[in-house]
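Read-outs: derived from the displayed coordinates by stated rules, not from any lab. Worth saying up front: this structure is predicted, and the values here are computed from it rather than measured. Methodologically, a virtual Cβ is constructed for each residue, glycine included, from the backbone with ideal geometry; neighbour enumeration extends over all protein chains shown.
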Amino acid sequence: MYGNAYVDPENKIVNSITANEDPIKLAEFESRIAAGDKIEPMDWMPAEYKKQLVRMIEQHAHSEIIGALPEGTWITRAPGFRRKLALMAKVQDEIGHGQLLYSAAETLGKSREAMTNDLITGKSKYSNVFNYPAKTWADSAVIAWLIDAGAIVNQLANSKGSYGPYCRALDRICAEESFHLKYGHDNVVFLATGTPVQRAMVQDALNRWWEPIMHFFGPPDKESIHSATLMRWKVKMGSNDDMRNMFLDMYVPKIWDLGLTLPDENLHKNEETGRWEYTEPNWEVFKQVINGNGPCNKERLAVRRKAEENGRWVRKALAKPSEKYVTPLS
Ligand code: BYC
C-alpha cells in the first residue's frame with residue numbers, strides 16, 4: 001500500500017536504541033509486530049517503543065484539544081442555526097477525541113496532569129495547523145474539509161498499527177472525522193458555488209491554508225527523525241511523504257473539480273511514478289511554527305491555560321467533594 005521510504009537495512013537505528021534491551025524479549029516483541037499482533041499495555045515492550053508512543057499519542061491528544069479553538073471561534077458566528085449546531089457538535093467531538101487519546105497515552109504511564117502541564121508550559125508539541133487564525137467563515141470550512149481529510153488519511157493508516165489502545169482510539173476517531181469531512185466538504189461546495197464574494201472568500205482561505213496543510217504531514221522523509229523507528233514497529237504505517245502523497249491524490253482533483261486553484265504552479269501528478277510533484281513548502285516556517293513562534297501559538301496556549309485555571313475548583317471538588325469551594329461564579 002505504501003512506499004518503501006523507510007528502511008534500516010543494517011539495523012543501525014534499531015541497534016542503537018535497543019542496545020540495553022533483553023535480546024530474547026526484543027526478538028519476541030518484533031516477531032509479534034511482524035505477525036500483526038496488537039501490543040497491549042501490560043505486554044513487554046522496548047523502552048523506546050513506549051517513549052515514542054507517549055510522545056506521538058500525547059501530541060495527537062493536544063492537537064485535538066487545541067484544534068478545537070480556531071473552529072470554536074466560529075460557533076457564535078456560524079451562518080444559520082443548522083451550521084451552528086453542526087459546528088458545535090464537531091468541536092465537541094474534537095474535545096472527545098482528545099480525551100480518548102489522553103486515556104490511550106495514560107496506559108503507558110504518563111499522567112494526564114503531566115501531559116496537560118507539558119502542553120501549557122510549551123514543552124509538548126501539537127499540530128502546526130492549529131497555530132493559524134481562522135479569519136473568515138471559509139477558513140472554518142477549509143479546516144473541516146481538508147485538515148480533517150488529512151487527519152483521516154494519517155489515522156486510518158495508523159489505526160492498523162501495533163499498539164492496541166491507540167489503534168482502538170483511532171478507529172473511533174476516524175468514524176467521527178468522516179462526518180466532519182462531509183460537513184466541511186458541504187460548506188466548501190456551498191461557498192465555491194455561491195456568489196462571487198463567497199467564492200473569493202473560499203479561494204482566499206485555501207490560498208492561506210495550503211502551506212500549513214502541506215506541512216501537516218510532517219517534514220520530508222529524508223528529514224524525519226522518528227519515522228524509521230515508528231515504521232519498523234508499526235506505529236506509523238506510512239512515511240510522511242507517503243501520507244502527503246495519498247492526501248494529494250485524493251483531494252487535489254476534488255479541489256480542482258470545484259474550479260478552485262492551489263497556490264503552487266508546480267503541483268501535478270507524475271503519471272509515470274504515480275507520485276505528486278510540488279514546490280517544497282517553506283520548512284523554515286514549519287520549524288518556527290512548531291517551536292512556538294507561529295502566528296497564534298501564544299494565544300492558543302493562553303486560552304488553554306485559562307481553561308485549566310478556571311477548571312481547577314472542579315477538579316478539587318471532584319477529588320474532595322465534602323469541602324466547600326470558591327468558584328469563579330460564586
Ligand atoms: N505539527 O520525525 P518526524 C485533527 C514534529 S488533530 C507539529 O517526522 P513523526 C483535528 C515531530 O513531532 C490530528 N509538529 O515526526 C483536530 C518531531 O518533533 P519532536 C493531528 C510536527 O512523529 C481538531 C519533528 O517534527 N494528527 O485532525 O515521525 C480539529 C520531526 O518530525 C508535525 C496527529 O497528531 C506537525 N504537523 O511524524 C480539526 C497524527 N510534524 O516530537 C482536526 C499523529 C512533525 O521530536 N501524529 N512534527 O519534538 C503523527 O502521525 C506523526 O507524529 C506526524 C509526525 C506525522 C505528525
Legend entry - Prolate/oblate/rounded call for the range 145-218, Cα gyration tensor, a/c under 1.5 rounded: oblate
Inset, instruction - Calculate one ³J(HN,Hα) per residue across the range 66-73 by plugging θ = phi - 60° into the Karplus curve 6.51 cos²θ - 1.76 cosθ + 1.60, and present them in order as whole Hz with x for glycine and proline. - result: 5, x, 6, 6, x, 6, x, 5
Legend entry - Exposure proxy ranking, count of Cβ atoms within 10 Å, fewest first, for Ser111, Ser124: Ser111, Ser124
Inset, instruction - For Arg275 and Thr261, compute 0.36 nm times the residue count separating them, minus their Cα-Cα distance, and round to one decimal in nm. - result: 3.1 nm
Inset, instruction - Mind giving me the nanometre distance, one decimal, between the label points for Ala307 and Met42, set 7 Å out from Cα along Cα→Cβ? - result: 3.4 nm
Inset, instruction - Return the FRET efficiency for the residue pair Thr193, Asn293: r is the Cβ-Cβ distance, R0 is 51 Å, and the value is rounded to the nearest 0.05. - result: 0.85
Inset, instruction - For n ≥ 4 DSSP H runs only, could you compute -39500 (n - 2.57) per run for the chain, divide by its residues and tell me the 222 nm figure to the nearest 500? - result: -19500 deg cm²/dmol
Legend entry - For the chain, projected area of the alpha-carbon convex hull averaged over all directions, nm²: 19.6 nm²
Inset, instruction - Please state the charge dipole magnitude for the range 4-307, taken about the Cα centre, from unit charges on C-beta atoms (+1 on K and R, -1 on D and E), reported in debye and rounded to the nearest 20. - result: 1120 debye
Legend entry - Largest-first ellipsoid semi-axes for the range 116-273, taking √(5λ) over the Cα gyration tensor eigenvalues, angstrom: 28, 19, 16
Inset, instruction - Mind listing the long-range amide H neighbours of Tyr163? Cut-off is under 5 Å, sequence gap 5 or more, other chains count too, H placed in the peptide plane at 1.01 Å from N. - result: Ile39
Inset, instruction - Rounded to the nearest 0.05, what FRET efficiency do Val285 and Ala35 give with R0 = 51 Å and r taken as the Cβ-Cβ distance? Could you check? - result: 0.75
